[in-house]
Amino acid sequence: ILDISKIEAGKYELVEDKYELPSLLNDVGNVISVRVQETNARFIMEIDKTLPKLLIGDAVRVRQILLNILGNAAKFTKRGSITLVATWNHDESEPIISFDVKDTGIGIKPEHMESIFGEFNQVDTRKNRNIQGTGLGLAISKHLAELMGGTITVDSVYGQGSTFYIQIVQKVKNYQAIGE
Ligand code: ADP
């Protein structure tokens, strides 16, 4: 089990291997669809068809980041929509992959925008681990994204919704588009 203290001590290492982006997105999409079906919201995926099909990176951790952020969106959105937008910067060797997760949920108060990534919420994360099933909170997801040369940021209007911006750097061997 991944421990935030390991990451903070610099002891956590990513395990990189080849993986197929479409199957990762399908898998994450299926898990989230089931959760969103229990609400009155819709789940929408907008995948850039030029994204590389085969990536090199830590697919397990990429999946966990997406499930954490999308799981939160599903948890805090009772109506409207949750949208996952996947794009990239078209660098065919070391692409920056962007996942924007937009929701029309409860939103986040301006004074909480920074603390949701911080220490205090790690306590909440532990408490919610079994309910969420991912075992990863925002603090851990952000650390993981940073280990991948990226980051996670957020924009929100309290009462209207939030958008989490996930960026990670992956590698590509022989570029082939998802859509081909
Ligand atoms: P938790 O397991 O409590 O969701 P996280 O670290 O994933 O832990 O999230 C920390 C807190 O950030 C949440 O408890 C919630 O208050 C807030 N939050 C996260 N995502 C959203 C969202 N999409 N909409 C509103 N609030 C959110």
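Each value in this text was obtained by applying a stated rule to the coordinates, not by laboratory testing. These numbers come from a predicted model, not from an experiment. We place every Cβ from the backbone using ideal geometry, glycine too, and count neighbours over all the protein chains shown.
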Which of rounded, prolate or oblate describes the stretch 66-122 when judged by the alpha-carbon gyration tensor and an a/c cut-off of 1.5? oblate
Where Lys and Arg each count +1 and Asp and Glu each count -1, what net charge lies around Ala86 among other residues with Cβ under 11 Å from its Cβ? -2
